[in-house]
Every structure is written in C-alpha cells, then in structure tokens.
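Enquirer: Sharing a structure here in structure tokens format.
The values are calculated or read from the model by the stated rules, or taken from the named source; none is laboratory data. Bear in mind that the values here come from a model prediction, so they are computed numbers and not experimental data. With ideal geometry, Cβ positions are generated from the backbone for all residues, glycine too; neighbour counts draw on all protein chains shown. SASA here: full protein model, heavy atoms, side chains in, ligands and nucleic acids out. Shrake-Rupley method; radii C 1.70, N 1.55, O 1.52, S 1.80 Å.
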Amino acid sequence: MTIIRSRDSVRAFYTEAIEGSKDTVEHLQAPVSEAFRSVLASAGRDTPRSAVDLGYGAGAHTIALAQSGFDVLAVDQVPCAGLWGRLRSLGRTAGRVDVREGLVEHFAFDQEFGLLVAKDVLHYLAKPQVADLLNRAVAASCSRNIHYLEVFTDIRRTNRTGEPVEIEGEADYSIDALRRLLQEVYEDWDLSVSLEDHTEQDSLTGRNCFEATRAVAVAVRKVSEPEGPTR
C-alpha cells in the first residue's frame with residue numbers, strides 16, 4: 001500500500017527543520033555545489049545582476065548569489081524568519097536580498113532575472129505547474145539569462161517499514177519525461193543536463209529511504225551578437 005503524504009505535512013517538516021537549523025537526510029544546510037559555483041562564475045557583464053531563488057530552503061543559494069553581487073528575490077512557502085536569521089550576520093550583503101513567503105508555482109515574473117535558481121523544489125509540483133512556471137520564466141527573459149535547475153526524477157521513497165511513499169500531487173518525472181520538457185521549454189537556449197544518482201538513508205534503520213536520479217540543468221539564453229558597421 002502506498003502512503004500519500006500531504007503538501008501541508010511537507011511544508012511543516014521543512015518549516016521545523018529550517019527554523020531549528022536542523023540538518024536533514026538530504027543535507028538541507030549543505031553549501032552550494034561546485035556546479036553552481038561554476039554557473040555563478042560564468043555570469044558575465046551581459047547577465048543582469050538580478051536573481052530569483054525559487055524554493056530557497058535554508059538559503060545557501062540565496063546567500064551565494066548575494067555575495068556574488070546579485071540582487072536576490074528569495075521565494076519559499078516556509079516562513080521568512082529562518083533565512084532572515086542567517087542574513088543578519090552578512091552585513092551589507094543582506095541588503096541585496098528580498099525574502100518573500102509564497103508558493104513558487106504562483107510566482108509572477110514581473111521583471112527579468114539574470115539568474116534563476118530552482119533547486120530540489122520542482123519535483124514537488126504537478127507537471128502542468130512546472131511547465132507553466134518555466135515557460136513564464138522564459139517569456140520574461142530579454143537578455144543573457146541563466147536558469148539553474150536541480151530536479152529529482154525516478155523517485156523511490158519508503159518509510160521505516162518499507163512501504164512506498166508519495167507526495168500529494170507531485171510531478172513524479174522520469175528522466176526522459178523531464179528531458180522532453182526541458183528541450184521544449186528551452187528550445188532556443190543553450191541547454192545542458194547532467195545526471196547523478198542520489199540516495200538518502202534513514203537515521204534509525206540505516207536503510208535507503210529515498211532514491212532518485214538528480215538532473216542538474218543549466219539553460220543559457222542565446223543573445224545575438226551586434227552587427228558590425230557596414231562599409
């Protein structure tokens with residue numbers, strides 16, 4: 001029998017973990033990856049210095065963006081107090097961050113963002129919500145924008161007694177289905193997708209409680225080179 005966990009229970013779990021600065025089996029408090037550091041380093045002068053972090057969690061990516069000179073809009077459904085607590089120690093850098101509480105699937109792109117981050121959040125949404133969110137983000141892009149996505153696919157969850165677990169309404173992407181979506185959404189962008197196996201162990205039993213393939217997608221909007229003077 002498959003156990004269905006509600007979205008409200010997921011929100012409550014992450015709220016408790018973030019407000020208590022607890023590290024979870026997925027290492028919520030971990031620093032950003034080298035892959036993301038490389039993306040930050042690739043953002044040149046032609047990339048607007050504005051960013052949005054959708055589903056910021058403990059705030060590692062928000063902080064890294066702000067420290068790299070981006071003005072960051074951080075959005076998550078968890079209360080803002082946890083991130084504000086981390087930002088207080090950053091001095092002037094904290095002034096680059098605007099934290100908002102809300103559902104990422106309802107986020108309105110009323111401006112262009114040079115860098116968009118969505119790490120470990122899109123798999124919680126329904127497939128139509130993911131497609132809608134990414135298409136709206138692409139439509140708001142005018143110059144050299146970079147989208148950095150980390151998405152879990154082919155997810156297998158179990159509880160401590162071995163029963164399968166699913167989250168209410170989640171996308172449940174296979175890697176092939178996610179690739180097709182990304183290729184469609186980012187048709188005119190430079191897109192790269194790398195894959196890595198991901199497992200998490202239950203702290204009491206030591207058995208795997210979460211297995212998935214993590215897709216790391218980097219999409220860069222192509223910008224036409226200006227034409228030189230004619231003779």
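Enquirer: Determine whether V72 is farther than 30 Å from R5 by Cα, under 15 Å from the mean Cα position of the chain (by Cα) and in a strand (DSSP E or B).
Expert: Judged against the criteria, V72 is a match.
Enquirer: Oh, and also: Collect the residues in segment 184-212 that are under 28 Å from S143 (Cα atoms) and either out of contact with any strand residue (DSSP E or B) (no Cβ under 9 Å at 6 or more places or on another chain) or part of a strand (DSSP E or B) (or both), keeping them in residue-number order.
Expert: E184, E187, W189, D190, L191, S192, V193, S194, L195, listed by residue number.
Enquirer: Looking for something in contact with a helix residue (DSSP H, G or I) (Cβ under 8 Å, 6 or more places away or on another chain) and among the small types (G, A, S) - is there at least one such residue anywhere in segment 132-148?
Expert: No: zero hits.
Enquirer: While we're here: For segment 47-69, which positions are part of a loop (DSSP other than H, G, I, E, B) and either of a type outside the set (V, I, T) or at positive phi (or both)?
Expert: P48, R49, G55, Y56, G57, A58, G59, S68, G69
Enquirer: Can you work out which of the residues in segment 12-53 that are more than 19 Å from L83 (Cβ to Cβ) and in contact with an Asp or Glu (Cβ under 7 Å, 6 or more places away or on another chain) is modelled with the lowest pLDDT?
Expert: Only one residue fits best here, namely V25.
Enquirer: When the residues of segment 75-94 are narrowed to those that are aliphatic (A, V, I, L, M) and either part of a loop (DSSP other than H, G, I, E, B) or farther than 20 Å from L40 by Cα (or both), which ends up most open to solvent (accessible area, probe 1.4 Å)?
Expert: Within segment 75-94, the match that is most open to solvent (accessible area, probe 1.4 Å) is A81.
Enquirer: What tally of residues in segment 95-111 results from selecting those that are part of a loop (DSSP other than H, G, I, E, B), closer than 30 Å to E166 by Cβ and among the acidic types (D, E)?
Expert: Count: 0.
Enquirer: Provide a single number: the residues in segment 141-169 that are within 20 Å of V72 (Cβ to Cβ) and either of a type in the set (V, I, T) or crowded, with 16+ Cβ neighbours inside 10 Å (or both).
Expert: Residues that pass the stated criteria total 8.
Enquirer: In addition: For the structure I just gave you, tell me whether V97 is under 17 Å from the mean Cα position of the chain (by Cα), closer than 18 Å to R136 by Cβ and open to solvent by less than 50 Å² (accessible area, probe 1.4 Å).
Expert: It is false that V97 is under 17 Å from the mean Cα position of the chain (by Cα), closer than 18 Å to R136 by Cβ and open to solvent by less than 50 Å² (accessible area, probe 1.4 Å).
Enquirer: Among what's in segment 30-46 and is in a helix (DSSP H, G or I), of a type in the set (G, A, S) and in contact (Cβ under 8 Å) with a residue 24 or more places away in the chain, pick the residue that is nearest to E150 (Cα to Cα).
Expert: Among them, the one singled out is A35.
Enquirer: Then there's this: Being hydrophobic (A, V, I, L, M, F, W, C) and within 26 Å of G169 (Cβ to Cβ) is true for just one of L90, L54, L115. Which residue is that?
Expert: None of the others qualify; the one that does is L54.
Enquirer: Consider F152 carefully, then state whether it is of a type outside the set (D, E), in contact (Cβ under 8 Å) with a residue 40 or more places away in the chain and more than 27 Å from E196 (Cα to Cα).
Expert: When the stated conditions are applied, F152 does not pass them.
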